[in-house]
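The values are calculated or read from the model by the stated rules, or taken from the named source; none is laboratory data. Please read these numbers as outputs of a predicted model, since none were measured by experiment. Because the Cβ atoms are built from the backbone with ideal geometry, glycine has one as well, and the counts that use them run over all protein chains shown. Remember, those area values only see protein heavy atoms, side chains included, never the ligands or the DNA or RNA. Shrake-Rupley method; radii C 1.70, N 1.55, O 1.52, S 1.80 Å.
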Amino acid sequence: RIPRDAVAGLTREEAERDLTLLGLVALADPPRAEVRAAVEQCHSAGLRLVVVTGDHGLTTKALAQQVGIGGPDMPVVVGSELAELTEIELDDLLAEHGELVFARSSPEAKLRITDALHDQGHVVAMTGDGVNDAPALRRADIGVAMGRSGTDVAREAATMVLTDDNFATIVTAVAAGRQVYDNVRKFIVYIFAHATPEVVPFLLYALSGGRVPLPLTVMQILAIDLGTETLPALALGREPAEPGLMQRPPRQRAQSVIAPDMLVRAWGLLGGVSAALVTTLFVLTLRDGGWHWGDDVSTGPLHAVWQQATTMSFLGIVACQVGTAVAARTHHASLRSVGLTTNPLLLWGIAFEVLFAAAVVAVPALQEVFGTAVPHGWLLLLLLPLPVLVWGADEVWRWSRRRRATDRRTA
């Protein structure tokens, strides 16, 4: 053992001369066990992973490959090389390679990479924990800071803070965001679908010049819009994640919540089938009571027939609402893959709207308010297949879309 005074005046070269190697000390900081599965989920969801770090390039590349990021040919760009790249060259580099590593990077480099990905139209999520990461966390679409090891500045600059500092939590957040987005669209489809069966009968009344009686009263429409459809619509907001949620590519930044195919499905398919069924019930009830084209239903015995017919229109829309609620639970998958009972809140909502509709029709006090009358028993039996017909039409439509998508992938 050499005394400290003996080496005090030596240079580094002199002090390290004629030494004997006694051993090596190595440090290992392996990735968490759940990270590899999270990376696989990112890839299946169409998410691209770019590693930007201040560590050495070889170390970072080895760790990235351990968790499934990149491959043997994944490029590693060190900070000095990045500084020499022009903006066009950086754009070409990011466009050419899917996943890559930026090592020995400065805070300015993180900000520059974020801006370059923005310019290419990507939605950027940036992770960080230090003060120097704050500009990039703020500039990114979603800044993700570490809650345990991160600094206060990083947490304040970020959009989301991970309380467990776990990368897998980011993937969980992505899945939760997609689920919320899907459920908002399901809610919209369900609400929009009932506009068609409410509007089409009024168009029939208007285009016939009043020769066909009014199929619904204003109070009955209010009973539908404010009563029967409310709880099922809210229950769709708690719908479990649809199968294949994390196997879809990310939606485009400019994509609207309300898409044309949603309107076609809501107004054309679900609403169109419902409107046809409701109108058929209305006319059938009138004809069964002795009504003919142009007859006056405001007075006399035909007035009671007209009340029964409007009641059948009301009940028909409620029955179609049940089928629409079941159909709206999925955008792509079949109901069989989701399960009929996986959303108990929806089942309670459907039970409520059925009981509410029955009360509107059967309770004398409510009959006077809503202008309803109890129809004949055989007419009520015609309501039973309506939910299945509405759901079945949508199920066939979704099946055809899945089949066309499969044919395109295999072509």
Checklist outcome for this item: Residues of region 94-107 being over 18 Å from VAL39 (Cβ atoms) and either outside any helix (DSSP H, G or I) or open to solvent by 30 Å² or more (accessible area, probe 1.4 Å) (or both), in sequence order, are ALA95, GLU96, ALA103, ARG104, SER105, SER106, PRO107
Item to check | Number of the condition not met by GLY79 [criteria: (1) out of contact with any Lys or Arg (no Cβ under 7 Å at 6 or more places or on another chain); (2) open to solvent by less than 70 Å² (accessible area, probe 1.4 Å); (3) in contact (Cβ under 8 Å) with a residue 24 or more places away in the chain] | outcome: (1)
Checklist entry - Which of the residues belonging to region 214-238 are open to solvent by 60 Å² or more (accessible area, probe 1.4 Å) and over 19 Å from VAL305 (Cα atoms)? => result LEU222, LEU226, LEU231, LEU234, ARG238
Checklist entry - For region 339-368, which residues satisfy the criterion of being open to solvent by less than 30 Å² (accessible area, probe 1.4 Å), in contact (Cβ under 8 Å) with a residue 12 or more places away in the chain and not acidic (Asp, Glu)? => result ASN343, LEU346, GLY349, ILE350, ALA357, VAL360, VAL361
Checklist outcome for this item: Counting only helices (runs of 4 or more DSSP H) entirely within region 319-411, those with at least 3 residues that are at pLDDT below 90 are 335-338, 386-410
Checklist entry - Restricting region 154-187 to residues that are of a type in the set (Asp, Glu) and more than 20 Å from GLN247 (Cβ to Cβ), which is modelled with the highest pLDDT? => result GLU156
Checklist entry - Just to be sure, is THR53 among the hydroxyl-bearing types (Ser, Thr, Tyr), open to solvent by 90 Å² or more (accessible area, probe 1.4 Å) and either under 23 Å from ARG139 (Cα atoms) or out of contact with any Lys or Arg (no Cβ under 6 Å at 6 or more places or on another chain) (or both)? => result no
